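Got a structure for you, questions after.
The values are calculated or read from the model by the stated rules, or taken from the named source; none is laboratory data. Remember, it's a predicted structure, so these values are computed and weren't measured experimentally. FYI the Cβ positions are ideal-geometry reconstructions off the backbone, even for glycines, and counts take in every protein chain you see.
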Amino acid sequence: MTARELVLNFVNQYRKPFDGELIANMTGLDIEVVEPVMVEMIKDKTIKLISDREPIYARSNRFNTTLDKQLRAHWNFDPKAALALLNLIEKRSFTSIRSIAEAFGRSRQWVFVYLEALASAGVIGVNQYGYCVLTKKDVGKVGIKIKRGILKEMISHCAELREQQRLQDKVDAWHLKVVGPEPLEEAMKAFDSRNQVTMQP
């Protein structure tokens, strides 16, 4: 993850006021790296200064994307956090929620809920290598409508396709083994026959 992504990850998780030193300690980044990122975040209004006397900051706004209250009543989705998650998935191959959670520094529950929301918005899918990014343009729609069980459906469908491909490869290999050599043998016999006829006086 980039320095900005690490700082953003911290800002999105931390509910209390913070300063640059705290971010540096929690992310393992040097304060010289953290401060320019914080300046950028103040400019784009990701964070704001909340004290006139000390450099104490807080996140500018809570997640405000409308979501399906029935499905995830206590969840709000941050498009920036969703985009950071997409960037991570785009860079590496992930086949499990656990591996994404470890790499992203979030809980498995958080990753699961975001993946479900991203899949429901048609932003991510699953291929033979694991989770994949389909598009980033609809990331702002994340959380508006969530289809429960969509991750399980996608993984099952992908497993089914993989199994079909495996069976097809097996059939193709068998077909090549059984049928493949015969035309070649027949062609060689025909070639030998023609040669013998030609060579006869």
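Could you tell me whether Ser99 is surrounded by 13 or more Cβ atoms within 10 Å (Cβ to Cβ), free of Cβ contacts under 8 Å to residues at least 12 places away in the same chain and among the hydroxyl-bearing types (Ser, Thr, Tyr)? If you could, list the steps in order and put the result at the bottom.
Values: surrounded by 13 or more Cβ atoms within 10 Å (Cβ to Cβ): yes; free of Cβ contacts under 8 Å to residues at least 12 places away in the same chain: yes; among the hydroxyl-bearing types (Ser, Thr, Tyr): yes.
When the stated conditions are applied, Ser99 passes them.
With the condition kept exactly as written, say whether any residue in segment 14-22 is under 19 Å from Glu102 (Cα atoms) and either outside the structural domain of Leu88 (by TED's automatic domain parsing) or at pLDDT below 85 (or both). Spell out the reasoning first.
Residues of segment 14-22 under 19 Å from Glu102 (Cα atoms): 14.
With the extra rule that they be either outside the structural domain of Leu88 (by TED's automatic domain parsing) or at pLDDT below 85 (or both), the set shrinks to 14.
Yes: one or more hits.
Is it the case that Gly149 is surrounded by 12 or more Cβ atoms within 10 Å (Cβ to Cβ), farther than 15 Å from Ala81 by Cα, modelled with pLDDT of 85 or more and not basic (Lys, Arg)?
Values: surrounded by 12 or more Cβ atoms within 10 Å (Cβ to Cβ): no; farther than 15 Å from Ala81 by Cα: yes; modelled with pLDDT of 85 or more: yes; not basic (Lys, Arg): yes.
For Gly149, the condition - surrounded by 12 or more Cβ atoms within 10 Å (Cβ to Cβ), farther than 15 Å from Ala81 by Cα, modelled with pLDDT of 85 or more and not basic (Lys, Arg) - is not met.
Can you name every residue in segment 103-117 that is modelled with pLDDT of 90 or more and among the charged types (D, E, K, R)?
Passing the criteria: only Glu116.
Separate question: Being modelled with pLDDT of 90 or more and either surrounded by 12 or more Cβ atoms within 10 Å (Cβ to Cβ) or out of contact with any Leu (no Cβ under 9 Å at 6 or more places or on another chain) (or both): is that true of Glu90 here?
Working: modelled with pLDDT of 90 or more: yes; either surrounded by 12 or more Cβ atoms within 10 Å (Cβ to Cβ) or out of contact with any Leu (no Cβ under 9 Å at 6 or more places or on another chain) (or both): yes.
When the stated conditions are applied, Glu90 passes them.
Could you check segment 172-184 and list, in sequence order, the residues that are loosely packed, with under 10 Cβ neighbours inside 10 Å and at pLDDT 60 or above?
Keep residues of segment 172-184 that are loosely packed, with under 10 Cβ neighbours inside 10 Å, which gives 177-179, 182-184.
Passing the criteria: only Lys177.
Report yes if Ala73 is under 24 Å from Met41 (Cβ atoms) and either aliphatic (A, V, I, L, M) or modelled with pLDDT under 80 (or both), otherwise no.
For Ala73, the condition - under 24 Å from Met41 (Cβ atoms) and either aliphatic (A, V, I, L, M) or modelled with pLDDT under 80 (or both) - is not met.
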